[in-house]
1. Could you state, as a whole-number percent, how many of the C-alpha pairs of region 209-326 are farther apart than 19 Å?
2. Mind checking the angle between helix 197-208 and the chain's longest principal axis? C-alpha axes, 0 to 90 degrees, to the nearest 10.
3. What number comes out for accessible area per residue over the chain if the probe is 1.4 Å? Units Å², please.
4. Once the Cβ-Cβ distance between N231 and K144 is put in as r, and R0 is 35 Å, what FRET efficiency do you end up with, to the nearest 0.05?
5. With a cut-off of at most 11 other beta carbons within 10 Å, and DSSP calling the residue loop, which trypsin sites (Lys or Arg not before Pro) in region 220-326 qualify? Please list them.
6. Once all Cα-Cα distances of the chain are split into 20 Å bins that start at 0, what whole-number percent is in each one?
7. Hey, any idea what % of the chain's accessible area is carbon plus sulfur with a 1.4 Å probe?
8. Normalised radius of gyration for region 154-230, please: alpha carbon Rg relative to 2.2 N^0.38 Å, two decimal places.
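The values are calculated or read from the model by the stated rules, or taken from the named source; none is laboratory data. None of these values were measured; they are calculated from a predicted model. Ideal geometry is used to build each Cβ from the backbone, glycine not excepted, and the neighbour counts take in all protein chains shown. Keep in mind that these areas ignore ligands, DNA and RNA; they rest on the heavy atoms of the full protein, side chains included. Shrake-Rupley method; radii C 1.70, N 1.55, O 1.52, S 1.80 Å.
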Amino acid sequence: MVTKRGAVLLGNHVACDAHDDRRPLRIVTHAHADHLAGLRTSVKKCEKVLMTKATRDLIKIIEGPDALAGGNVKTLEYGKTTRFGDDRITLAFADHIIGAAQVIVDEENGARVVYTGDFRLDGTPVQECDTLVVEATYGDPSCKRNFGVNVKELLVSMVERSLRDGSVFVFGYHGKLQEAMQILHDADVSVPFVMPERVFNMAKVCEQHGMRLGCLTQSTQHEAKAMLTENLPCVAFYHMNSRGTVGLGASRICLSGWEFTSACRQIGHKEHVVALSDHSDFDGLIEYVRQAKPKRVITDNFRSNGESLAREINKRLGIKAVAMPL
Ligand SMILES: [Zn+2]
């Protein structure tokens, strides 16, 4: 089930992505804030708190170095299985932000329960199971991205074009900003990448865990400040929350998954939204469920509206699905 506080309960012992007093094992699927609910309480009260190494390292930056202090925090590699009481627990890769995991729990009676966490179908291995708990961010049938264009290539060409006029500001959420750096770096966009301290520290963690992100400079550095004030060619990466306060006169690109009509939309004189998403769209969610062949499905109705997705799974796949919490 999914509790009123957003804890996804699996097997007999596991609570994922929010604290639950009855569950001694807390699992964190990834480092986004809506999956870290009650984390300090879990660190204090749970027998064990489990996540991937990359998620642990990101949390220390997002929540502060003491967020995981004092508890029994353990890391688990993808594909390795650990036991807790009569539950056997495995983390599987999820294509979302670095470190993101799906959670597989094999119960003593042989039943397999899977929680997808957040994911993008492209690179996510589907887990066959008896019971599936699936995220529902884009769970409405209107949320389809059939653009027929490669969004990554589009981002690269927009940035390259805008660099001719000087600095380009890219706004997005944690994880996606670093993905954008990697996309631009892979495409040989070789201007300096400028960013505030937290985005920089997150990028450094991503590099430690295998991503290649280019030439990174903190925005407090003298040269970086000069580049931005003189509008020289560089790409500045800022959290979406800074959108109203930085780079106001420059070329601006906002990365958002909530775009379904076109891959790119102009919203201001030099400002565009690009539909780079780290979640599956509606079709991707349905396809995951179809391939996982579960007997029953629970859609996450805490972090998003899961009712529509549950209804469509029932209708299109003939699999019993409910949204939780109700
Ligand atoms: Zn997420």
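1. Summing the P(r) of region 209-326 above 19 Å gives 64 percent of all pairs.
2. Helix 197-208 and the main axis of the chain meet at about 60 degrees.
3. On the way: 14090 Å² over 326 residues.
Per-residue value: 43 Å².
4. 0.40
5. Sites meeting the loop and neighbour criteria: K295.
6. Once binned at 20 Å, the Cα pair distances of the chain give 32, 54, 14, 0.
7. Details: 6760 of 14090 Å².
Heavy-atom surface of the chain belonging to carbon and sulfur, 1.4 Å probe: 48 percent.
8. Numbers: Rg = 11.9 Å, N = 77, 2.2 N^0.38 = 11.5 Å.
Taking the Cα Rg and dividing by 2.2 N^0.38 Å, one obtains 1.04.
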